[in-house]
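Data block below; observations after.
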Amino acid sequence: MNIFRFAGDMTHLASVLVLLLKIHTIKSCAGVSLKTQELYAIVFATRYLDIFTDFISLYNTFMKLVFLGSSFSIVWYMRSHKIVRRSYDKDQDTFRHYFLIVPCLLLAMIINEKFTFREVLWTFSLFLEAVAILPQLVLLQRTRNIDNLTGQYIFLLGAYRAFYIFNWIYRYFTEPHYVHWIPWIAGLLQTLLYGDFFYYYFHSWKNNKKLQLPA
Amino acid sequence: TKAHLGHDEL
C-alpha cells in the first residue's frame, strides 16, 4: 500500500458516499445517470469475484464490501425507492450502455493476462470501468447544468483514478516485475475521459460561477 | 501470487 493508492481509495470512497448521502438525504436522484450506476455495480460484481476466496487484508475485504454495497444500494434507490425513482429522468438517460458491455467483454476475451473465467471478468471490469462514466457525462451535456453534489461526485470519481495512475508509477519503480499494461491503459483512458469535465469544473470553481457544460 | 497479478488493488 502506498499513499497514492490510499488517497485514491479514499477519494473513490468519498465519491460513492457523496452520491449515496445525496440520494438518501434529499430523496432525489435528479441529474444522476442510472445507467452509469448500473455499470458500476457490474464493474464491482465482476471485479470482486474473489472476495470470499482470496483474503488479501481486512482493509481490502472491507472496502470491497463497501463498494459493492454502495453501488447496489444506489441502483436499488434509483430503481425501486418510491420517492427517489420519481426524480429519475429516464427520458434523458438514454445511453445504450449495453453497447459498452459487449465490446468490453469481447475485448477482455482477447486481451487478458490469463484466459480464465475470473481473469477475463476481472479484465472486463477494468475496461467497463474506464467507460462507465459515459452515460453520466452524456446526461450532463443534455441537462446542461448540474448540482454541486453530482459535480463533486464526478470530480472525485475522476480524481480517484488519477491517484491510481500515480500509484502504478510508484509501484513500477519500487516493485520489480510490477508491470500491468491492462489496468494502466484502461485507467489512463478512464482519466482522460474526465478531462473536459475537469476543465469546466476547474474553471467554474475558479470563477466561482455555476458549472455549465457546453452544448 | 495475487499481488503479482495486480489483483491486490481495489
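Looking for something crowded, with 16+ Cβ neighbours inside 10 Å and more than 23 Å from A:Phe155 (Cβ to Cβ) - is there at least one such residue anywhere in region A:15-33? Among the residues of region A:15-33, not one is crowded, with 16+ Cβ neighbours inside 10 Å and more than 23 Å from A:Phe155 (Cβ to Cβ), which makes the answer no.
So which of A:Val102, A:Val179, A:Val120, A:Val138 is in a loop (DSSP other than H, G, I, E, B) and β-branched (Val, Ile, Thr)?
Values: A:Val102 fails: in a loop (DSSP other than H, G, I, E, B); A:Val120 fails: in a loop (DSSP other than H, G, I, E, B); A:Val138 fails: in a loop (DSSP other than H, G, I, E, B).
Going through A:Val102, A:Val179, A:Val120, A:Val138 in turn, the sole match is A:Val179.
Residues that are closer than 15 Å to A:Ser71 by Cβ and not in a helix (DSSP H, G or I) were ranked within region A:7-41; the one that is farthest from the other protein chains (Cβ to nearest Cβ) is A:Cys29. Does A:Ile74 qualify as being away from chain B (no Cβ under 14 Å), touching a residue at least 40 places away in the same chain (Cβ under 8 Å) and under 23 Å from B:Glu9 (Cβ atoms)? Answer is yes for this residue.
Scan A:Thr174, A:Thr150 and give me the residue that is within 13 Å of chain B (Cβ to nearest Cβ) and among the hydroxyl-bearing types (Ser, Thr, Tyr). Give the derivation first.
Details: A:Thr150 fails: within 13 Å of chain B (Cβ to nearest Cβ).
None of the other options fit; the residue is A:Thr174.
Can you tell me which residue among A:Phe44, A:Phe4, A:Phe62 is closer than 24 Å to A:Ala162 by Cβ, within 12 Å of chain B (Cβ to nearest Cβ) and free of Cβ contacts under 8 Å to residues at least 40 places away in the same chain?
Working: A:Phe44 fails: free of Cβ contacts under 8 Å to residues at least 40 places away in the same chain; A:Phe4 fails: free of Cβ contacts under 8 Å to residues at least 40 places away in the same chain.
Exactly one of A:Phe44, A:Phe4, A:Phe62 is closer than 24 Å to A:Ala162 by Cβ, within 12 Å of chain B (Cβ to nearest Cβ) and free of Cβ contacts under 8 Å to residues at least 40 places away in the same chain, namely A:Phe62.
With respect to the conditions (1) over 21 Å from the mean Cα position of the chain (by Cα); (2) closer than 21 Å to A:Gly31 by Cβ, A:Ala159 lacks only one, and its number is (1).
Condition check for A:Thr94 on (1) more than 24 Å from A:Gln152 (Cβ to Cβ); (2) in a helix (DSSP H, G or I); (3) touching a Lys or Arg at 6+ places or on another chain (Cβ under 9 Å): one failure, at (2). Filtering region A:168-192 to residues that are touching a residue at least 60 places away in the same chain (Cβ under 8 Å), more than 14 Å from A:Asn2 (Cα to Cα) and in contact with a helix residue (DSSP H, G or I) (Cβ under 7 Å, 6 or more places away or on another chain) leaves A:Ile182, A:Ala186, A:Gly187, A:Gln190.
Laboratory data are not the source of any read-out in this text; all were calculated from the coordinates shown. Note that the structure is predicted; figures quoted are calculated from it, not measured. So basically every Cβ, Gly included, is an ideal-geometry build from the backbone, and we count neighbours across all protein chains shown.
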